[in-house]
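The next block holds one structure in the form of structure tokens; read it before the comments.
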Amino acid sequence: MIQRSVHLRNLIQSSSIGSLSKLRTCKFFTSQAAAASLPQVCEPSVYSDEEYADIDWNNLGFGLMPTDYMYTMKCTQDDNFEQGQLSPYGNIELSPSAGVLNYAQGLFEGTKAYRREDGRLFLFRPDQNAIRMQIGAERMCMPSPTVEQFVDAVKQTALANRRWIPPPGKGSLYIRPLLMGSGPILGLAPAPEYTFLIYASAVGNYFKEGLAPLSLYVEDESHRASRGGAGGVKTIANYAPVLKALTRARNRGFSDVLYLDSVNKKNIEEASSCNIFIVKGNVLSTPATNGTILEGVTRKSIIGVARDLGYQVEERSISVEELMDGDEVFCTGTAVGVAPVGSITYQNKRVEYKMSAHPMCRELYSTLVGIQTGLIEDKRGWIVDIN
């Protein structure tokens, strides 16, 4: 078990999507009339790249907008996942005693599909989401799809819902893979059956502020995660506990909550839904992922971009006092992208960060988006074309 965990973590550092280049890609019918033929048959898409769903692309927020299709596959506790299938988006049936409902035996991921100016559709580093799900599944005693199965399923979901992928620069198709204990269980134990499910939604900016700087509130009463827990994996159980602090902060006008470590109660960890970075001089620092912090795919990508640009990057413990003394602060995440922080409030003290003419976060964000849109050469194999 330990060796497998180490192997998976090594994969995160070294894996390249190039090894997945031979995966099958299929274009699927995306009309309701064709739904019956979708589950097992690959067909040419009836939609061209110029045809979109009938929605206002200029006013997308980050809310649920059901698309046409979702993807599912199942397996038992002692088996492996086999080929799944697409079906029309809709409700699913679960036993009242399903492991995910009774014991929160579940994980989720978040990735996005984008559309370029030339009409090409692509994903950004989906293999990293697949590997992170495998690590999380091991922690939560669940079987998981292989990297190839995961990426292929995400591709199929994106292509089946291609008319919901926004025009270039208008947003993205947020893709949500779920892994859950769907089998019935009464006593505390792993579920006997598991479901891997993917759905999608067209989205714009995560925060209501849009591209405006965020205002964060440092929470010093409750904690997001503790040592030895599951804060370092994307289990569903990590998120409901932050709702009370998040709701309280938003009612006071803050964008999000930043949490401290549960042992010393002085080092920053992460916000409710994203990682955090601090800039001091030419040094970029972010809390180390020590088991209580989720290792975000955008976080990892920004670290790589920063080092390529010649910046010194440190992953280490950062006290809240050091944070308040930083030159610049920003957050990263699949949903939030790269979001500058305008102010942080801690124990009734508010610090505002001056937006310099050339902030590091803007340079990093521009470089990352340049790679994604094809304006900058992708030398790392991060981009996965799907059409």
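Determine, for F81, F62, F124, the number of other Cβ atoms within 10 Å of each Cβ, and report the residues in order from fewest to most. Before the final figure, lay out the partial values.
Working: F81 19, F62 16, F124 23.
Ordered from fewest to most neighbouring Cβ atoms within 10 Å, F81, F62, F124 come out as F62, F81, F124.
Report the calculated FRET efficiency for F62 and S97 (r = Cβ-Cβ distance, R0 = 30 Å), to the nearest 0.05. Intermediate values should be presented prior to the final figure.
Numbers: r = 33 Å, r/R0 = 1.10.
Efficiency, rounded to the nearest 0.05: 0.35.
List the trypsin sites (Lys or Arg not before Pro) within segment 344-380 that DSSP assigns to loop and that have no more than 15 neighbouring Cβ atoms inside 10 Å.
K354, K379, R380
Between segment 322-387 and segment 207-280, what is the C-alpha centre distance in whole Å?
Result: 17 Å between the Cα centres.
Please rank W164, W57, W382, fewest neighbouring Cβ atoms within 10 Å first, as an exposure proxy.
Working: W164 24, W57 14, W382 21.
Starting with the residue having the fewest Cβ neighbours, the order is W57, W382, W164.
With θ taken as phi - 60° and the coefficients 6.51, -1.76 and 1.60, list the Karplus ³J(HN,Hα) couplings across segment 306-311 in order, rounded to whole Hz; mark glycine and proline as x.
4, 5, 4, 7, x, 7
Quick query: amide H of K280 versus all other amide H atoms, modeled in the peptide plane; which residues come in under 5 Å with a sequence gap of 5 or more or a different chain?
Under 5 Å from the amide H of K280: S285, D327.
Each residue of segment 362-375 in order: what ³J(HN,Hα) in whole Hz does its phi give by Karplus 6.51 cos²θ - 1.76 cosθ + 1.60, θ = phi - 60°, with x for Gly and Pro?
5, 5, 5, 5, 4, 5, 4, 5, x, 5, 5, 8, x, 6
Taking every DSSP beta bridge with both residues inside segment 214-373, roughly what % is antiparallel (nearest 5)?
Working: 19 of 32 bridges.
Counting only bridges with both partners in segment 214-373, antiparallel ones make up about 60 percent.
Amide H neighbours of Y69 under 5 Å, at least 5 residues apart or on other chains, H built in the peptide plane: list them.
Here Y89 satisfy the definition.
State, as an integer percentage, the relative contact order of the chain based on alpha-carbon contacts under 8 Å between residues 6 or more apart. Please report the intermediate quantities before stating the final value.
Details: 805 pairs, mean separation 68.0, N = 387.
With pairs under 8 Å counted, the relative contact order is 18 percent.
If contacts are Cα pairs under 8 angstrom and at least 6 residues apart, what is the relative contact order of segment 214-373 in percent? Can you show the working numbers first?
Numbers: 294 pairs, mean separation 39.2, N = 160.
Relative contact order comes out at 24 percent.
Since every read-out is calculated from the coordinates, none of them should be taken as a lab result. Just so we're clear, the structure is a prediction, and the values are computed from it rather than from any experiment. So basically every Cβ, Gly included, is an ideal-geometry build from the backbone, and we count neighbours across all protein chains shown.
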